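Here is the structure we will look at, set down as structure tokens.
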Amino acid sequence: MEKGAISRDDILKTLQEYDDLGAESFLSLYGFKPARKFLILHEGKEYESKAVAGVAHKYSHGRTLKWDEFSGGVGHAVDWLKREGFQIGVPRSPKWARDELILACDVVARNGWRGVSSADPRIGELSDLLQLLGAYPPEQRSAEYRNRNGAALKTHNIASFHPDYQGKPTNGGQLDREVLQDFLERPAEMAQAAELIRAGLRSGELQPAPLNEDEDQDDDVGAPEGRVLYRRHRTRERNKGLRKKKIASVLKQGGALSCEACGFDFGKFYGERGDGYIECHHVVPLHEAGEGTTRLADLALICSNCHRMIHRSAPWPTPAELRLVVLDRAGMQEEGLPRQRPVARTADK
């Protein structure tokens, strides 16, 4: 029989042996180290995936696979285990996403910039919301993913970065500091963003979406609204019907399809291929505008480069504000603006 053809029964026998010996003795006996990445989650317990797959091999093949005999590393073992219907998790929860930190920081702000105890009902609510948010897929979550203790600890991490905090800073990350600074600089905006996320999660209207091919993680980290609201914002921008209406309105008034930030005209630069093309940007962020109806006055026509620069980091500049940046950097008058080559993205067509 080929190497790796282990059955569910082989795995269950191995899990029983693991329980009988205990994790430390089991790993020592078979020469495996504690898992750093993936664990088997079975009946409320956790088991090192690579060690279990290796030992399970002996029941059908007469010998245990060593840690370096997996052709695809730990991923090879995980594939075998998933094939037999076992749930795979991770030993540690992933880093906090911006949406999650917005919710946690709002709790800290409303508590006078102090951390909150795990027994506090507000932490229970926060933990429940983080579970609903699901910033990471199930296979990337540990058994303790965003539980009350973890949520409470994060509030203390955030509070320790506040300028008025007198104690010793805890083990928070750079994104903790950035979100805290956003709350200090734009308290009303960030509180509104947190409220929209909470309301959307409770109603079921807001769900995280996977990254599109033309978007990268920087967009989600830099969005002033967090990933979930940013997705909703971008969905509005990509509404083909609204884009067509905006273009028609501009042309009807005698305007040109040129970027409102830098003046770039796709038709003039690319000729027939560029005629009629321009991207559409929703000027008012979702956390400020709410979930109301989009008006044409809320939309701006901009080129691909300027669109990318606006969304690159918080706070987002308006096209008019970005235009001033372009003018200042170019060191010339408005009529002499440079005509840069854009980075067109098919998803916005």
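Of the residues making up segment 87-105, those that are open to solvent by 20 Å² or more (accessible area, probe 1.4 Å) and of a type in the set (Lys, Arg) are ARG92, LYS95. Against the test of being closer than 27 Å to GLN140 by Cβ and either free of Cβ contacts under 8 Å to residues at least 24 places away in the same chain or touching a Gly at 6+ places or on another chain (Cβ under 8 Å) (or both), the options TYR30, TYR18, TYR47 yield a single qualifying residue, TYR30. Within segment 49-68, identify whether any single residue is open to solvent by less than 40 Å² (accessible area, probe 1.4 Å) and within 27 Å of the chain's Cα centre (by Cα), and answer yes or no. Yes, segment 49-68 contains at least one residue that is open to solvent by less than 40 Å² (accessible area, probe 1.4 Å) and within 27 Å of the chain's Cα centre (by Cα). Got a number for residues in segment 309-338 being more than 12 Å from CYS262 (Cβ to Cβ), open to solvent by 60 Å² or more (accessible area, probe 1.4 Å) and modelled with pLDDT of 90 or more? Going through segment 309-338 one residue at a time, the tally reaches 1.
The rows are residues; the columns are (1) of a type outside the set (Gly, Ala, Ser); (2) open to solvent by 60 Å² or more (accessible area, probe 1.4 Å); (3) in contact with a helix residue (DSSP H, G or I) (Cβ under 6 Å, 6 or more places away or on another chain).
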| site | (1), (2), (3) |
| --- | --- |
| VAL107 | yes, no, yes |
| ASP128 | yes, yes, no |
| LYS154 | yes, no, yes |
| ALA159 | no, no, yes |
| GLY167 | no, no, no |
| PRO187 | yes, yes, no |
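Scanning segment 189-211 for residues that are aliphatic (A, V, I, L, M) and without any contact (Cβ under 8 Å) to a residue 40 or more places away in the chain, we see that the one that is least open to solvent (accessible area, probe 1.4 Å) is LEU206. Scanning segment 109-132 for any residue that is assigned to a loop (DSSP other than H, G, I, E, B) and acidic (Asp, Glu) turns up at least one such residue. All conditions but one from (1) open to solvent by 40 Å² or more (accessible area, probe 1.4 Å); (2) under 28 Å from MET190 (Cβ atoms); (3) among the basic types (Lys, Arg) apply to ARG231; the one that does not is (1). For segment 133-143, does any single residue satisfy the condition of being under 17 Å from LYS50 (Cα atoms), assigned to a loop (DSSP other than H, G, I, E, B), touching a residue at least 24 places away in the same chain (Cβ under 8 Å) and open to solvent by 20 Å² or more (accessible area, probe 1.4 Å)? Within segment 133-143, not a single residue is under 17 Å from LYS50 (Cα atoms), assigned to a loop (DSSP other than H, G, I, E, B), touching a residue at least 24 places away in the same chain (Cβ under 8 Å) and open to solvent by 20 Å² or more (accessible area, probe 1.4 Å).
Taken as a whole, the structure places GLU84 among residues that are modelled with pLDDT of 80 or more and either more than 21 Å from ALA143 (Cα to Cα) or open to solvent by less than 70 Å² (accessible area, probe 1.4 Å) (or both). Scanning segment 266-288 for residues that are surrounded by 18 or more Cβ atoms within 10 Å (Cβ to Cβ) and acidic (Asp, Glu) yields a single hit, GLU279. Taking each residue of segment 94-113 that is over 24 Å from ALA143 (Cβ atoms) and looking for partners that are open to solvent by less than 20 Å² (accessible area, probe 1.4 Å) and polar (S, T, N, Q) with beta-carbon atoms closer than 8 Å, six or more apart or interchain, yields VAL108/THR155; ASN111/THR155. Only residues that are in contact with an Asp or Glu (Cβ under 9 Å, 6 or more places away or on another chain) and open to solvent by less than 90 Å² (accessible area, probe 1.4 Å) were counted across segment 14-33, and they come to 6.
The values are calculated or read from the model by the stated rules, or taken from the named source; none is laboratory data. In this text the structure is predicted, and so the values were computed from the model without any measurement. Positions of Cβ are backbone-derived with ideal geometry, glycine not excepted, and every protein chain shown enters the neighbour counts. Note: accessible area is taken over every heavy atom of the protein model, side chains too, but ligands, DNA and RNA are not part of it. Shrake-Rupley method; radii C 1.70, N 1.55, O 1.52, S 1.80 Å.
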